[in-house]
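The values are calculated or read from the model by the stated rules, or taken from the named source; none is laboratory data. Given the structure is predicted, the values throughout are model-derived calculations rather than measurements. Please note: Cβ atoms are built from the backbone with ideal geometry, for glycine as well, and neighbour counts cover all protein chains shown. We work out accessible area using only protein heavy atoms, side chains counted, and drop any ligands, DNA or RNA first. Shrake-Rupley method; radii C 1.70, N 1.55, O 1.52, S 1.80 Å.
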Amino acid sequence: MPSIPSFRGSGRGPQQQLPRIPIPTARAIVDCGVYVEGQRLPGRFTHREALAEVRNRGAGFVWVGLHDPDERQMADIAETFGLHALAAEDAVHAHQRPKLERYDDTLVMVMRTVAYVEHEMHSVSEIVETGEIMVFTAPDFVVSVRHGEHSELASLRKELEADPAQLMLGTGAVLHAIADHVVDSYIEVTQSIELDIDAMEEAVFTPRNRIAIESIYQLKREVVELRRAVNPLAVPLQVLGHKPDVPLPKEIRRYMRDVADHHAGVAERITDFDEALSALISAVLAKVGVQQNTDMRTISAWVAIAAVPTMIAGLYGMNFTHIPGSEDVWGFWLVVVVTLGICVGLYVNFHRNNWL
């Protein structure tokens with residue numbers, strides 16, 4: 001009887017994989033607009049049509065916003081706008097360090113985004129959520145690529161569209177607006193974390209209040225993550241604000257210096273947070289040490305009180321013939337009264353010295 005072939009396969013040879021269906025680039029594009037003389041042109045454009053419209057006019061620029069593009073989608077964008085292959089690869093794979101690079105007339109800026117996560121106080125949970133925005137700017141286009149759900153730019157785009165004078169400054173105005181938006185989010189997160197630290201300080205220094213040191217360590221770890229996301233952006237902002245060879249209008253460089261000042265303030269506050277949390281950890285450890293010493297004194301005091309009746313009972317429990325008071329009616333009660341008197345005296349003495 002011939003054997004029936006297995007539906008699971010024999011395991012020999014490479015398994016056949018289903019072909020991957022490419023997702024259209026339009027699925028990754030959140031918005032695509034053409035801006036001429038500070039105004040957005042009516043109608044909807046694909047990224048190719050938008051760039052062609054700008055270059056045919058010889059004025060204006062394109063702003064394309066992408067969210068979590070894959071390799072195929074980013075390759076299509078890179079081919080259309082002439083982006084460098086290395087920069088396009090970085091745009092697909094997130095978790096880049098904040099930086100500023102220049103490829104001919106195209107500036108590439110990477111910024112880490114942060115968001116505060118609501119959580120229960122004194123609980124071990126995620127407090128700071130991070131994402132990423134990568135911005136490509138050239139004289140006639142802006143391509144913003146973002147990763148993470150909290151870093152949306154739709155509201156920022158509406159604010160810019162309501163200010164044509166700002167958009168007339170060109171693509172540098174969009175770069176400044178995104179950088180300013182990111183730094184403003186840093187300020188909001190640091191304000192929320194400052195409230196958490198204030199609440200922890202109040203809990204730590206409240207008498208007879210116990211706090212889990214794990215929650216302080218968790219907040220300190222989140223502050224470290226926040227510092228890694230925020231601090232490296234200082235160098236790109238300084239370059240954009242002070243280097244005259246950067247292809248940005250003088251007015252935009254002035255705006256960038258203002259953003260750099262705000263960023264420096266945030267970085268200083270994060271350093272203060274780290275130092276404050278280190279001091280809180282030391283305070284909690286010292287408080288635990290003091291509490292342990294207090295507990296040991298209390299235990300030692302009760303042991304000393306219990307040792308008195310134990311010693312007396314041990315003496316009178318010996319098998320000797322002549323034990324004082326053993327043959328008298330009042331002997332037992334005398335021993336009890338003396339024992340209680342000594343114990344009460346020890347209790348009063350320990351209580352007076354705050355051992356009990």
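Numerical summary
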{"quantity": "The chain: relative contact order in percent, alpha carbon pairs under 8 Å with at least 6 residues between", "calculated": "13"}
{"quantity": "ILE342/GLU194 FRET efficiency (R0 51 Å; Cβ-Cβ; nearest 0.05)", "calculated": "0.35"}
{"quantity": "Per-pair calculated FRET efficiency, R0 = 51 Å: ARG55 and THR206 via Cβ, rounded to 0.05", "calculated": "0.15"}
{"quantity": "Check: the chain dipole with +1 on Lys, Arg Cβ and -1 on Asp, Glu Cβ, in debye", "calculated": "720"}
{"quantity": "Within a Gaussian network of the chain (alpha carbon springs, distance under 10 Å), most fluctuating of ILE252, ILE193, ILE23", "calculated": "ILE23"}
{"quantity": "Loop GluC sites (Glu not before Pro), segment 80-188 (other Cβ atoms within 10 Å of the site Cβ: 13 or fewer; DSSP)", "calculated": "GLU118, GLU120, GLU126, GLU149"}
{"quantity": "Long-range amide H partners of TYR103 with built H, under 5 Å", "calculated": "VAL108"}
{"quantity": "Cβ-Cβ FRET estimate between VAL30 and GLN291, R0 fixed at 51 Å, reported to 0.05", "calculated": "0.40"}
{"quantity": "Segment 163-206 - accessible surface per residue (Å², probe 1.4 Å)", "calculated": "38"}
{"quantity": "Per principal axis, descending, Cα span of segment 97-168 in whole Å", "calculated": "49, 30, 15"}
{"quantity": "Axial C-alpha extent at least 20 Å, average Kyte-Doolittle at least 0.5 - helices from the chain (DSSP)", "calculated": "331-352"}
{"quantity": "Given charges at Cβ of Lys, Arg, Asp, Glu: the chain dipole, positive-most of GLY43, ALA162, VAL336", "calculated": "VAL336"}
{"quantity": "Full-stretch length increase - ARG228, ALA283 - with 0.36 nm per residue and alpha-carbon distance subtracted", "calculated": "17.2 nm"}
{"quantity": "Inter-site label distance for ASP68 and SER125 at 7 Å from Cα along Cβ, in nm", "calculated": "2.2"}
{"quantity": "Values of log10 I(q)/I(0), in the order q = 0.20 Å⁻¹, for segment 165-311 under a Debye, Cα-only, solvent-free model", "calculated": "-1.11"}
{"quantity": "The chain: most fluctuating residue of ARG27, ARG146, ARG227 per GNM, C-alpha cutoff 10 Å", "calculated": "ARG27"}
{"quantity": "For segment 29-129: accessible area per residue (Å², 1.4 Å)", "calculated": "52"}
{"quantity": "Cα Rg over Rh - segment 160-225, Kirkwood", "calculated": "1.31"}
{"quantity": "For the chain, calculated [θ]222 nm from helices alone, where every DSSP H run of n ≥ 4 adds -39500 (n - 2.57)", "calculated": "-18500 deg cm²/dmol"}
{"quantity": "Distance from segment 117-163 to segment 21-42 (C-alpha centre basis), Å", "calculated": "18"}
{"quantity": "Cα pair count fraction exceeding 32 Å, expressed as % - the chain", "calculated": "55"}
{"quantity": "Mean Cα-pair separation over length for segment 173-305, i.e. relative contact order, pairs under 8 Å, 6 or more apart, %", "calculated": "34"}
{"quantity": "Probe 1.4 Å, all protein chains present, accessible-area order of SER151, SER192, SER300, largest first", "calculated": "SER300, SER192, SER151"}
{"quantity": "Trypsin sites (Lys or Arg not before Pro) restricted to DSSP loop in segment 39-73 with at most 16 other C-beta within 10 Å", "calculated": "ARG44"}
{"quantity": "Accessible carbon and sulfur surface of segment 59-116 relative to its total accessible area, %, 1.4 Å", "calculated": "46"}
